[in-house]
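Participant: Below is one structure. I have some questions about it.
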Amino acid sequence: MGSYGHPDHVHVHRVAMAAVEAAGYDQLYRDAGAPWRPHALYLATIPRSVVASHWQAVFGTPPEPGQTLPGVPDEHVTTHLDVGQWAERKWAAMHAHESEVGRGASMTLLTSLPEQARAQMLANEWYRRVSYTGTSETALSGPRS
């Protein structure tokens with residue numbers, strides 16, 4: 001549900017998951033074609049080790065001992081992509097996102113990074129692959145009524 005709980009990202013996650021679920025039912029959205037199920041979903045994230053490595057450059061001090069950082073434990077990241085050839089386009093797209101620029105947040109954090117660190121962040125994307133079969137399992141046992 002997003003890497004750091006931003007309400008917009010949490011909502012996008014919920015809507016995407018609902019759309020994937022709805023795609024498998026023939027009684028919903030009949031004009032959209034035959035029902036289907038993906039085998040897996042790739043959820044965008046960032047490993048906490050990456051956040052920790054840039055924390056001091058952004059905030060001026062290292063993270064507090066025991067502080068929970070944004071992102072996910074590194075072992076939850078299943079897929080890494082080198083998207084360096086699109087880093088400049090990503091940066092331009094982020095600048096075009098007026099609501100993000102206006103309120104600061106991640107744009108302010110990325111801008112505060114040294115240029116080399118920012119380029120490294122934008123050149124990499126991390127994902128958590130979640131298998132999705134769309135099948136139901138019975139969690140409770142006992143007679144059905």
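Participant: Determine the shape class of region 43-131: with a ≥ b ≥ c the square roots of the Cα gyration tensor eigenvalues, call it rounded for a/c under 1.5, and otherwise prolate if a/b is greater than b/c, oblate otherwise.
Facilitator: Oblate.
Participant: Sticking with this one: Per 0.36 nm of contour for each residue apart, how much would the distance between residue 27 and residue 97 grow if the chain were fully extended, relative to their Cα-Cα spacing?
Facilitator: This chain segment gains 21.6 nm when fully extended.
Laboratory data are not the source of any read-out in this text; all were calculated from the coordinates shown. Every value quoted in this text rests on a predicted model; they were computed, and no experiment measured them.
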